[in-house]
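The values are calculated or read from the model by the stated rules, or taken from the named source; none is laboratory data. All figures in this text were calculated on a predicted structure; none of them were measured in a lab. Note that each Cβ is placed from the backbone with ideal geometry, even for glycine, and that neighbours are counted across all protein chains shown. The protein model used for the area step is the full one, side chains on, heavy atoms only, and it has no ligands, DNA or RNA in it. Shrake-Rupley method; radii C 1.70, N 1.55, O 1.52, S 1.80 Å.
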Amino acid sequence: MEMKSLSFLVVLSLLAITLPFAIASDPSPLQDFCVAVNTPADGVFVNGKFCKDPKLATADDFFFSGLQNARPVTNPVRSNVTAVNVNNLPGLNTLGISLVRIDYGVNGQNPPHTHPRATEILYVAEGTLLVGFVTSNPDNRLFTKTLNVGDVFVFPEGLIHFQVNVGKYPAVAFAALSSQNPGVITIANTVFGSTPMIDSSILARAFQLDPRIVMDLQVKFKPKN
């Protein structure tokens, strides 16, 4: 119980630290809050969502439960990302911040990806992670660090980054992001699993691969209907 309490205290601290970054990513709100709704019946369109009439807002609009629960890691990369953003916590609309829980199985990874609209600050709650990010062209410099419980690492906005469980047991991390809806671009899925597919000859030349290998990758990453 003591460990779980400490973890959530650290997560709250991460959220507080991330707030100043929000100015650079999402527009600053001009009112106390703008609870998101999916139809224009109750308000106006602001920053990608319609706003509920503030007089109709309730505490539940600012509430999310269950982030303490472990998620299954049975997919090929053996990780599971549980996001808390404007899409499942309407009160986050215009506030420029969100949160994720990441579960990693043994040898699991959160594969190379980017968040086009957010800086990320990650806290390790359980286990040992190897994390890293790569700078933009032309340097493409790799920064890596092995993190243990209680360690924190920052991934700059828009840069490709990853986490890998290098410990002997499952791992858990929490991350705060400086956007209500940071987006995620998983490199392999995006490049080889686009709809419609990118011409294999283009990818073969770009990655210096045999076109047959590219076509095999496109089959592997083709979205499941």
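When the solvent-accessible area of the stretch 88-221 is split by element, carbon and sulfur atoms take up 59 percent of it, the probe being 1.4 Å.
Label positions at Phe62 and Asn140, each projected 7 Å from the Cα along the C-beta direction, are separated by 4.7 nm. Here the convex hull built on the C-alpha positions of the stretch 93-149 has a volume of 110 cubic angstrom per residue. Along the Cα-to-C-beta direction of Lys222, a point sits 7 Å from the Cα; which residues of the stretch 186-210 have their amide N less than 11 Å from that point? The answer is 197, whose backbone nitrogens lie closer than 11 Å to the label point. Computed over the alpha-carbon atoms, the stretch 62-106 gives an Rg to Rh ratio of 1.06, Rh here being the Kirkwood radius from the mean inverse distance. Solvent exposure of the stretch 120-225 amounts to 58 Å² per residue of accessible area, where only protein heavy atoms count and the probe is 1.4 Å. Would you give the gap between the C-alpha center of the stretch 45-118 and the C-alpha center of the stretch 146-225, rounded to a whole Å? A separation of 18 Å, based on Cα centres. The amide H of Gln180, built 1.01 Å from its N in the peptide plane, has Gly96, Ile97 as neighbours under 5 Å, considering only residues 5 or more places off or on other chains. Extension gain, Gln31 to Asn75, is 11.7 nm, computed as 0.36 nm per intervening residue step minus the present C-alpha separation. Between the amide H of Val152 and any residue lying 5 or more places away or on another chain, no distance stays under 5 Å, with hydrogens modeled in the peptide plane. Under 5 Å from the amide H of Val37 lie the amide H atoms of Phe50, Cys51, Lys52, each residue being 5 or more positions distant or on a separate chain, with H modelled from the backbone and absent for Pro and chain starts.
Residue-wise HN-Hα couplings along the stretch 190-203, as the Karplus relation 6.51 cos²θ - 1.76 cosθ + 1.60 with θ = phi - 60° gives them from phi, are 5, 6, 9, x, 5, 10, x, 5, 5, 3, 4, 5, 5, 5 Hz; Gly and Pro carry x. Taking every Cα-Cα distance in the stretch 26-173 and sorting them into 10 Å bins starting at zero, the pair-distance distribution P(r) comes out as 11, 33, 28, 20, 7, 0 percent.
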